[in-house]
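The values are calculated or read from the model by the stated rules, or taken from the named source; none is laboratory data. Given the structure is predicted, the values throughout are model-derived calculations rather than measurements. In this analysis, Cβ positions are derived from the backbone assuming ideal geometry, glycine residues included, and neighbour counts consider all displayed protein chains. What goes into the accessible areas is simple: the full protein's heavy atoms, side chains included, and nothing from ligands, DNA or RNA. Shrake-Rupley method; radii C 1.70, N 1.55, O 1.52, S 1.80 Å.
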Amino acid sequence: MTVITLDNVTKSYGAFQAVTRFDLETRDGEFVVLVGPSGCGKTTTMRMIAGLEEASTGSIRFDGDDVTLDDPKERDVAMVFQNYGLYPHLTVHENMAFCLRVKKWDKARINARIDEVAGALGLSGLLKRKPGELSGGQRQRVALGRAIVRKPRVFLMDEPLSNLDAKLRIAMRGEITRLCRRLKVTTFYVTHDQLEAMTMGERIVVMNNGHVHQIASPQEIYDAPADLFVAGFIGSPPMNILDARAAPDGASVEIEGISLPADPGLRAGLVRHGGEVVKLGLRPEHLSLGDNGLSGEVENIELLGAQVLIQVRVGTALIAAQFDRVPGLALGQEVTLSHLPGTMHAFDPGTEKSLTAGMHGQA
Ligand code: ATP
């Protein structure tokens, strides 16, 4: 169990900043997910924590000790990658034993440890096989097992599930989080998949272009995205972002000529932008058919089993809404979309920050 602190960490390659002023202090044994689009700096951050890249400025501490300049070996971190990194000529047992032999553990201790971890991961019957004789999911479990046998201070997992099929990914997500919770090892987990981040993370770090946009629990990120980037990135289908003119008293907004009452929580922020156009966010799952709201023609219908996802043309905007299936809903039909009270989001059109920032304790 280790508290990891990243203090104003920046990584530059020449004039290019891959990671800019990253600040975070984990809790003991916390599962932290780094999420963001390709190239946003997730892997670079992990590599700096591992000691494979040196931070250009700032410091990294493990339980208060500065490790910024320490070698990877001195940091006692275990990494798991998407390509597993197993030795193909060694059996599962030998792969898992490798680093314990390097540490000069005796044979009985190694075997006892491997039996324990293999049991937890459902690998007991596969210890004599080589990686080539295993499925992708089994190989991934061996890679995890090899990291776990060491009982490291920190796990670093970089897209470990991306080679697996969808069903196995879902099963492995649960397995990994359960295991890490039980072992209480502080874990950093990298993914570009927002759903994976939401389901696995105790806290999520949302990154883009090397910058941290928000660090919060999945629920906070969903309920109170700090800015327009987080609002659009987290949630599926993505949040509708609409241009809306704020009334001078902040009590209403006008979208495509339609006036909607503003959620009370937004009013103070909207008053600051009274008469201006702001970015208004409405999640599709918070919209449903109603009597008052945004009216327009249904342009697209997708059946999602028990639910339906529709797109409605309201002036120049195409608004997505997702709700329980309604019999008889047809293309071309005129409908009105109402939003669930308290689910409206608004963002400053210039800074793109949430107008409720601060009220939720966010930067
Ligand atoms: P992905 O999801 O595609 O793996 P990522 O978020 O992990 O992306 P990084 O690998 O951290 O992104 O890369 C961040 C940025 O830094 C990218 O623009 C990348 O091209 C750049 N970068 C990474 N390593 C180097 C390097 N050694 N020299 C120059 N630029 C680099």
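Miscellaneous remarks
- Fraction of accessible area attributable to carbon and sulfur, the chain (%, probe 1.4 Å): 50 percent
- Here residue 199 sits with roughly 80 square angstrom of accessible surface, probe radius 1.4 Å.
- The residue among 209, 168, 96 whose Cα reaches farthest toward the positive pole of the charge dipole of the chain, with charges on the beta-carbon of Lys, Arg, Asp and Glu, is 96.
- Between 0 and 90°, nearest 10: helix 107-121 axis offset from the chain longest Cα axis: 20 degrees
- Environment charge at residue 276 (Cβ cut-off 15 Å; Lys +1, Arg +1, Asp -1, Glu -1): 0
- Here the chain is treated as a sphere whose radius is the Kirkwood value from Cα pairs; by Stokes-Einstein at 4 °C and 1.567 mPa s it diffuses with a coefficient of 57 µm²/s.
- Accessible surface calculations at 1.4 Å, restricted to protein heavy atoms, place the chain at 46 Å² per residue.
- Projected label points at residue 276 and residue 25, each 7 Å from Cα along the beta carbon direction, are separated by 3.4 nanometres.
- Residue 288 - accessible surface, heavy atoms, 1.4 Å probe, Å² rounded to 10: 50 Å²
- Between residue 167 and residue 330, the modelled labels are 3.9 nm apart [label points 7 Å from Cα along Cα→Cβ].
- Hz values of 3J(HN,Hα) by residue in region 275-290 - Karplus curve (6.51, -1.76, 1.60), Gly and Pro given as x: x, 9, 8, 10, 8, 9, x, 9, 6, x, 6, 9, 10, 8, 5, x
- Relative packing of 226-235, 133-142, which averages over residues the other C-beta atoms within 10 Å, highest first: 226-235, 133-142
- Per residue, the average separation of C-alpha pairs within less than 8 Å and at least 6 apart gives the chain a relative contact order of 15 percent.
- Couplings for region 346-351, taken from phi via the Karplus curve 6.51 cos²θ - 1.76 cosθ + 1.60 with θ = phi - 60°, read 9, 10, 5, x, x, 7 Hz in order; Gly and Pro are left as x.
- Span from the region 140-199 Cα centroid across to the region 266-335 one, whole angstrom: 36 Å
- In order along region 220-231, phi translates into HN-Hα couplings of 5, 5, 6, 6, 9, x, 6, 8, 5, 5, 4, 4 Hz, rounded to whole numbers, per the Karplus curve 6.51 cos²θ - 1.76 cosθ + 1.60 with θ = phi - 60° and x for Gly and Pro.
- On Cα atoms only, tilt of 136-148 relative to the major axis of the chain in degrees: 70 degrees
- Two-site FRET efficiency, residue 83 against residue 12, from Cβ-Cβ distance with R₀ of 25 Å, rounded to 0.05: 0.40
- Cut-off under 5 Å, modelled amide H: who pairs with residue 29 long-range: 2, 186
- Principal-axis analysis of the Cα atoms of the chain puts helix 166-183 at an angle of about 60° to the longest axis.
- Given a 1.4 Å probe and the protein chains as shown, residue 279 ends up with an accessible area of around 60 Å².
- Net charge in the neighbourhood of residue 312 (other residues with Cβ under 12 Å of its Cβ; Lys, Arg +1, Asp, Glu -1) is -3.
- Cross-linked pairs 42/167; 11/128; 130/184; 42/184; 184/353: Cα-Cα separations exceed 31 Å for 11/128; 184/353.
- Helix-only mean residue ellipticity at 222 nm for the chain, each DSSP H run of n ≥ 4 adding -39500 (n - 2.57), per residue, nearest 500: -7500 deg cm²/dmol
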